[in-house]
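A.B. asks: My structure is below; once you've seen it, I'll send some questions.
The values are calculated or read from the model by the stated rules, or taken from the named source; none is laboratory data. Since the structure is predicted, the reported quantities are computational estimates derived from the model, not experimental observations. Neighbour counts are summed over all protein chains in view; Cβ atoms, including those assigned to glycine, are modelled from backbone coordinates with ideal geometry. Accessible surface areas use protein heavy atoms only, side chains included; no ligands, DNA or RNA. Shrake-Rupley method; radii C 1.70, N 1.55, O 1.52, S 1.80 Å.
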Amino acid sequence: MQIKTLAATALFVLAAAASVDALAQGPIVIKFSHVVAPDTPKGRAAERFKELAEQMTGGHVRVEVYPNSQLYKDREELEALQLGAVQMLAPSLAKFSPLGVREFEAFDLPYIFPDKAALYKVTEGRIGRDLLRKLESKGITGLAFWDNGFKIMSANQPLTSLKDFEGLRMRIQASKVLDAQMRALGAQPMTLAFSEAAPALRDGVVEGTENTPSNMYTQRMHETQSHLTVSNHGYLGYAVIVNKKFWDGLPAATRNTLARAMREATVYEKKIAQRANDDAIEAIRQAGTTTIHTLTPAQQAEWRRAMQPVVGQMESRIGKETVRAILREVER
């Protein structure tokens with residue numbers, strides 16, 4: 001009996017010591033870096049995830065959110081994640097191509113998603129899950145797809161017909177698909193990091209750009225762009241990702257709790273994304289700096305005809321199976 005008592009006491013002491021060690025180590029810290037403003041859909045959802053994660057884990061996890069490229073720019077953030085300098089990102093889907101996962105470039109194809117319902121059939125279904133799994137060999141775990149929305153065009157001249165684009169220097173994010181898209185319209189694409197876009201527009205380095213209304217408004221691009229066209233020609237979305245080694249090394253219970261927090265943050269993000277873009281268009285209208293154009297059905301058809309060849313040109317680069325699987329899914 002005495003031996004059993006001593007053994008039990010020893011186990012209690014060891015457990016208490018382990019608990020003290022865990023407390024001494026402090027909370028698990030997740031550095032969540034992104035390149036957009038805090039009041040965009042992505043920025044607000046990152047803060048929502050922080051709130052949920054810290055609340056659900058009772059403070060065992062602390063999330064530090066770094067918006068507006070405070071830590072890393074577009075070209076740097078993925079490498080920082082792979083090296084473990086940050087634990088979480090939400091890069092735009094085009095960013096995965098330089099890693100060798102070109103299938104994500106399908107999301108950049110012009111007019112591939114007729115509406116959000118068609119988009120969600122892809123991101124929330126088998127195709128979306130398969131795409132996220134392709135990141136694992138790069139040391140990355142994909143957690144969720146987040147929305148921004150459909151893109152618009154801006155410049156210091158009206159952009160309604162193809163002749164309006166001729167020779168125009170248009171900023172794009174790094175994407176072979178977007179490069180081909182702008183060339184199909186007759187424009188001259190120039191690749192710049194998101195943090196460099198607004199200054200480049202202000203200084204005349206580029207003459208126009210494409211982006212979502214919320215990104216344009218929060219970066220104050222409308223203040224130096226006198227015309228804006230609501231074209232909805234392309235989609236801008238994100239994948240929320242974590243460093244795989246960090247994620248796999250978390251206690252299972254903590255990992256499951258964080259996954260639940262991410263699911264709730266994703267539901268929240270999708271609810272606010274469209275509203276944020278609608279509000280941004282109205283705010284730009286109220287600012288009075290920018291004339292807003294909406295394409296007529298004939299003009300929209302002209303844009304579609306001009307950009308349709310891009311899908312065929314990019315199939316072999318992205319992967320025919322991926323492109324055709326998406327087209328089948330959205331046409332159902």
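A.B. asks: Mind scanning K95/K271; K244/K271; K31/K320 and naming the pairs with a C-alpha gap bigger than 31 Å?
C.D. replies: Those over the limit are K31/K320.
A.B. asks: While we're looking at this one, here's another question. Just to confirm the filter: which trypsin sites (Lys or Arg not before Pro) across the range 36-101 are DSSP coil and have at most 16 other Cβ within 10 angstrom of their Cβ?
C.D. replies: Answer in residue order: K73.
A.B. asks: What percentage of all Cα-Cα pairs in the range 292-332 are separated by more than 11 Å?
C.D. replies: Pairs farther apart than 11 Å: 70 percent.
A.B. asks: A further question on this structure: If I model a spin label at A301 and Q286 as a point 7 Å from the Cα along the Cα→Cβ vector, what separation in nanometres do I get?
C.D. replies: 3.7
A.B. asks: Take each complete run of DSSP H in the chain, measure how far its Cα atoms stretch along the helix's own axis, and keep only those covering 24 Å or more with mean Kyte-Doolittle hydropathy at least 0.5; list them.
C.D. replies: Helices meeting the criterion: 2-25.
A.B. asks: Still on this structure, I have one more. What is the Cα coordinate range of the range 149-218 on the first, second and third principal axes, sorted by size from largest, in whole angstrom?
C.D. replies: Principal axes ranked by extent give 29, 25, 25 Å for the Cα atoms.
A.B. asks: Compactness ratio of the range 91-229: Cα Rg over 2.2 N^0.38 Å, N = residue count?
C.D. replies: Rg over 2.2 N^0.38 Å, computed on Cα atoms: 1.10.
A.B. asks: In addition: Under a point spin-label approximation (7 Å from Cα along Cα-to-Cβ), what is the E264-Q55 distance to one decimal in nm?
C.D. replies: The modelled label-to-label distance comes out at 0.5 nm.
A.B. asks: Taking the DSSP beta bridges in the range 125-219 as the whole, what percent of them are antiparallel, to the nearest 5?
C.D. replies: Antiparallel: roughly 40 percent of the beta bridges in the range 125-219.
A.B. asks: State log₁₀ I(q)/I(0) for the range 19-112 at q = 0.10, 0.19 Å⁻¹ as given by the Debye formula over alpha-carbon point scatterers of equal weight, solvent excluded.
C.D. replies: So the normalised log intensities are -0.34, -0.96.
A.B. asks: Ignoring ligands, DNA and RNA, what accessible area per residue does the chain give at 1.4 Å, in Å²?
C.D. replies: Here the per-residue accessible area is 46 Å².
A.B. asks: Hey, can you rank 286-297, 126-137 by average C-beta count inside 10 Å, highest first?
C.D. replies: 126-137, 286-297
A.B. asks: Given the chain, what percent of its DSSP beta bridges are antiparallel, to the nearest 5?
C.D. replies: 50
A.B. asks: Further question: Just tell me which aspartates and glutamates come within less than 12 Å, Cα to Cα, of K121; anything on the same chain fewer than 8 places away is out.
C.D. replies: Within reach: E329, E331.
A.B. asks: Let me ask you something else. If each residue of separation counts as 0.36 nm, what is the full-extension length gain between K163 and V230 once their alpha-carbon separation is subtracted?
C.D. replies: 22.4 nm
A.B. asks: Please get the size of the charge dipole for the chain, origin at its Cα centre, with Cβ charges of +1 on Lys and Arg and -1 on Asp and Glu, quoted in debye to the nearest 20.
C.D. replies: 780
A.B. asks: So what's the chain giving for Cα Rg divided by 2.2 N^0.38 Å, two decimals?
C.D. replies: That ratio works out to 1.14.
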